[in-house]
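Some notes on the structure that comes next.
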Amino acid sequence: MFTGLIQTLGKIKPVGKNSWQITCVGDNSKLMMTDLAYGDSVAVDGVCLTVEKKLDNGFIATISPETLRKTTLGQALTSNQYVNLETSLRVNSKVGGHFVMGHVDGIGQMISVIQTATSWEMEFVATDAIARYIVPKGSIAVNGISLTVAEYDQELCKFKIAVIPTTYTDTNLQYLTYGSWVNLEGDILGKYVERFLNIGKSTIPFKGNDSKNDIDSSFLNEHGYL
């Protein structure tokens, strides 16, 4: 699990069959590498990878062909673009963003970027499978970055985010141009709510099998999920 707060940037290249080397290149790379160890999880542009070998300034990980097809990591390999890096959340760590699982739901595309006096307003289009988890003022991970949805057009599956200067300059958002593809992950809380609602009649007995204990929208609202 991650928080969506990027620690540094990196570069990725193949070093064998399904093995890839991720090299830290950002100013904060030493801080990230300090306690990185074999078996740790690292989000690479929002994709959870496992450290199989630690290097002086990076690590080796296995990326399956399916992951390359369904995320933008394959593009990062061919275009030599930067990737965002974040190590997994520690139990005693602060959660400054939101809970990011590192399981990308799909890819989206940036369709506009406008620099304002205080931020960069970026607009993306998503597929229906991802868009159903997007809500105004809710959280979404874009290339592993925890961001807040400023506006959402449900009909066109478009959403807009306002990126502060620190986030813009410390991540690979600064390198995106019109048509750039990005990894998207919806908020895990929304997925659980959807799952509960789709179950209909709950098979989980809270106090026996009384129908009044079924999980429905009223139950979720009462317990703070809606």
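Quick notes on this structure:
- Output for the range 87-140, where each listed residue is among the charged types (D, E, K, R) and over 20 Å from residue 193 (Cα atoms): 90, 94, 121, 123
- Residue match in the range 49-64 (condition: closer than 28 Å to residue 106 by Cα, surrounded by 17 or more Cβ atoms within 10 Å (Cβ to Cβ) and modelled with pLDDT under 95): yes
- Take the conditions (1) open to solvent by 60 Å² or more (accessible area, probe 1.4 Å); (2) under 21 Å from residue 173 (Cβ atoms); (3) touching a Leu at 6+ places or on another chain (Cβ under 8 Å); residue 75 misses just one of them, which is (3).
- The residues of the range 164-186 that are buried (at least 21 other Cβ atoms within 10 Å of the Cβ) and among the acidic types (Asp, Glu) amount to a single one, 185.
- Scope the range 121-168; condition under 14 Å from the mean Cα position of the chain (by Cα) and in a strand (DSSP E or B); matching residues: 139, 140, 141, 142, 145, 146, 147, 148, 149
- Residue among 12, 114 that alone is hydrophobic (A, V, I, L, M, F, W, C) and in contact with a helix residue (DSSP H, G or I) (Cβ under 8 Å, 6 or more places away or on another chain): 12
- Candidates 41, 19, filtered to the one that is among the polar types (S, T, N, Q), at pLDDT below 95 and more than 18 Å from residue 173 (Cα to Cα): 19
- Applying a threshold of 8 Å to beta carbon distances and a minimum spacing of six or more residues, or different chains, the list of pairs starting in the range 1-17 at a residue that is closer than 14 Å to residue 166 by Cβ and ending at one that is exposed (fewer than 12 other Cβ atoms within 10 Å of the Cβ) reads 5/96; 8/27.
- Those residues of the range 22-38 which are at pLDDT below 95, more than 23 Å from residue 1 (Cβ to Cβ) and not charged (D, E, K, R), in sequence order: 25
The values are calculated or read from the model by the stated rules, or taken from the named source; none is laboratory data. For clarity, every value in this text was computed on a predicted model and none was experimentally measured. Note: ideal-geometry Cβ built from the backbone for every residue, glycine included; neighbour counts use all protein chains shown. Ligands, DNA and RNA are excluded from the accessible area calculation, which covers all protein heavy atoms including side chains. Shrake-Rupley method; radii C 1.70, N 1.55, O 1.52, S 1.80 Å.
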